[in-house]
Each structure stands twice: as structure tokens, then as C-alpha cells.
1. Describe numerically, in nm with one decimal, the distance between label points set 7 Å from Cα along Cα→Cβ at B:Ser107 and at A:His146.
2. As a footprinting exposure proxy, order B:Asp49, B:Asp90, A:Asp126 by other Cβ within 10 Å, with the fewest listed first.
3. Suppose R0 equals 30 Å; then what is the FRET efficiency for B:Asp119 and A:Ala70 from their Cβ-Cβ distance, rounded to the nearest 0.05?
4. Could you compute the FRET efficiency for B:Glu50 and A:Asn79, with r as their C-beta to C-beta distance and R0 at 25 Å, rounded to 0.05?
5. Which FRET efficiency, nearest 0.05, do A:Ala156 and B:Gln62 yield, Cβ-Cβ r, R0 45 Å?
6. If we count other beta carbons within 10 Å of each Cβ, what is the order of A:Arg75, B:Arg111, fewest first?
7. Given 0.36 nm per residue, what is the gain on full extension from A:Ser43 to A:Arg12 after removing their alpha carbon distance, in nm?
8. Any idea how far apart A:Phe25 and B:Val83 come out in nm if each label point goes 7 Å out from Cα toward Cβ?
Amino acid sequence: MASNDSERADDRIPAAIKILIAGGFGAGKTTLVGAVSEIAPLSTEEVMTEASMGVDDLSGVEAKTTTTVALDFGRISINDDLVLYLFGTPGQERFWFMWEELALGALGAVVLADTRRLETCFPSVDFFERRGVPFVVAVNCFEGAHHYTEGEVREALSLADRVPVLLCDARRRESDKAVLLALVRHVAESMATPV
Amino acid sequence: MSEQHDLGLDSDATGPLVRPYVMTQGRQRGDAVQLDMISVVIAARAEVDEMALEPEQVRILQLCRRAQSVAEVSAHLDVPVAVVKVLLGDLIGRGYVLARAPYTTQSPVSRDILQAVLDGIQRL
Ligand SMILES: Nc1nc2c(ncn2[C@@H]2O[C@H](COP(=O)(O)OP(=O)(O)OP(=O)(O)O)[C@@H](O)[C@H]2O)c(=O)[nH]1
Ligand SMILES: [Mg+2]
């Protein structure tokens, strides 16, 4: 009886999968999430306590404190059995410990590069490269800012040839869709040819 | 359909015939349930003895009439994820809520899942 109950419940519960949207402060992460999400982007607080901060890169000082990090996220229902969440990762460096938990189990990541200050996405690129999380770089083209070519961005970020680079406008859903599709295709390729 | 079930998070948790992401009717206390930020939760039954619950837990049960992630519950209640996990863990332990662990790339995501994600994004 109990197992019947759980099987019926299982039919009603979709499983979730997540994609991270990373990039420097103000790069357009929340804008991208909002443009593709079926719900208005939500914000949740993660309180990091001593116990949950047992990850690397932490100095002993920080480990004794409690830190609150706000996370934006949106939702895309894929089908009855699958729901995709997009998480904007906290941009500031002091929240890097948060990335460890966020990156765990992520399908992949979009690194949003800000054309006004390309260098602000270096830490994100480093992070995903080191963790082996598949990612694409999406260059959010702000008006009035210098327009880079894909090649210039690739060179500036020292990206491996296999990492896709796209130009985008984070405010436009079609543009963001193209970015997400490129990421999922890249994930599929990464699985076919392990690095 | 059924091969997706192998992609549950807790691959090392239980015997081969127990689908680990369905945590139900368990004896485990809240802290024994490993909830992720994107574990999806849903209310397990319609009738609830509200007197036996914290006010926040009653609100969680109302929210959970529709399946949603722990992160969504947290955002809607304006309660930190860590706190929501404890409240939900208790509800799961008492059989009020069912949870499903997320897909994770620790166990490789199947082609079918990737294709479904592609199709879903394309439909937007
Ligand atoms: N012109 C232009 N403005 C944009 C674009 N994307 C975002 N913006 C604007 O840039 C500002 C910052 O965008 P957000 O989406 O909040 O950036 P964020 O990365 O979430 O910022 P933090 O979370 O604070 O790090 C907002 O005022 C947006 O409206 C774009 O493609 N073009
Ligand atoms: Mg933001």
C-alpha cells in the first residue's frame, strides 16, 4: 500500500535540473533569468552557517560566521516529468563559497560577459574550467560599449576552442534561448567526447 | 521512462529496487532527509492536523499542493533555504510531504533528458 502511494506520488513529482547563470556584478544575470523564466524571477536567501561551509577556499575566520546570500532563480517547465531551474550566481567574490554548492549537480553554466568590463567574468571562467562544469560564454552587448568579435572575446578569456562563445542581448528571450540551446548542445558534446 | 529513474541523486543510498528520490512514510527525522535546493516537493495528503504543525509548516503544505522546488518554497515564504529544509524534512518524516531528488550530472544525464531540455527551451 505504501509503495503504491509513493508510486502515484512519483508520477506527480517532476525531477529538477539546473543551469547556472554566472558573470560579474551587473552583467545581466537577473535580466537573462527574467527574460526566459515562466515565473517572475524569485529570490531566496541561503544562510551559510559554520556547518554548511565545509568547503575549500575558506579561511578559518569566515567559517565561524554566518553569511546570507541572495540568489535569483527562474523556472522553465520542460514537460510533466522535468523542470529546469536557472540560478543566477552571486557575483561578488566573497560569495564564492556559495558557488561550490550551486555548481554541484548543475547541467552546465552560462558565463555572461559584460562588454564594458570583460575582465569581470574571469573568475567565473576559472571556476567552471577547474570544476569541469561545461559552460558557454555569452557576451551581453550593452549599447555604447565596445563591440567585440567572438574571436576577440575568445582570446581575451583564453578560452579553449571547444567552448562556445555567443553574442547576446540578455533582455531578449530569443537571444537567451539561443544561448541556452548552445549550452545544452555543448553539454551533449562534452559527454560524447570526455576531455 | 524507467531509465530516468536511475538518475536519482542518492545512487549509493539504498538497495537497487528502492527508488531513492521518493522519500515517503519514512521514520527518519528531518535531519536524515537530504534535501537539495532543487529537490521538488509536493503535499502528500489533503487532510492535515494543523494543530500538530508549526504555522510555517501549514503554509508550506498549502504551497506544496503544487509541486515545486525547495528554493521556490523558500522564496514564497521569505524564509531562508536552510530553515525551509529543516521544516520540510520534518514534514517528510511525518509523511505529509513527498520529495524527489534532482537530476544531477554526478550520474550522467541521459541523451533523452538533454533532448527534452533542448525541446523545452525551443518551445519557449
Ligand atoms: N543595454 C542593456 N542593458 C542591460 C542588458 N542586460 C541587462 N541590462 C541592464 O543592466 C543592469 C544590470 O542587469 P542585471 O540583470 O541586474 O545584472 P546582474 O548580473 O543580475 O547584476 P547583479 O546581480 O547585481 O550582479 C540592469 O539595469 C539591466 O536592465 C543588455 O543586454 N543591454
Ligand atoms: Mg542579479
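1. 4.8 nm
2. B:Asp49, A:Asp126, B:Asp90
3. 0.40
4. 0.15
5. So, using R0 = 45 Å, E works out to roughly 0.35.
6. B:Arg111, A:Arg75
7. Computed gain between A:Ser43 and A:Arg12 is 8.6 nm.
8. Label-label distance for A:Phe25 and B:Val83, simple model: 2.8 nm.
Read the figures in this text as sums done on the coordinates, not as results from a lab. The shown structure was predicted, so the numbers you read here are calculated from the model rather than taken from an experiment. FYI the Cβ positions are ideal-geometry reconstructions off the backbone, even for glycines, and counts take in every protein chain you see.
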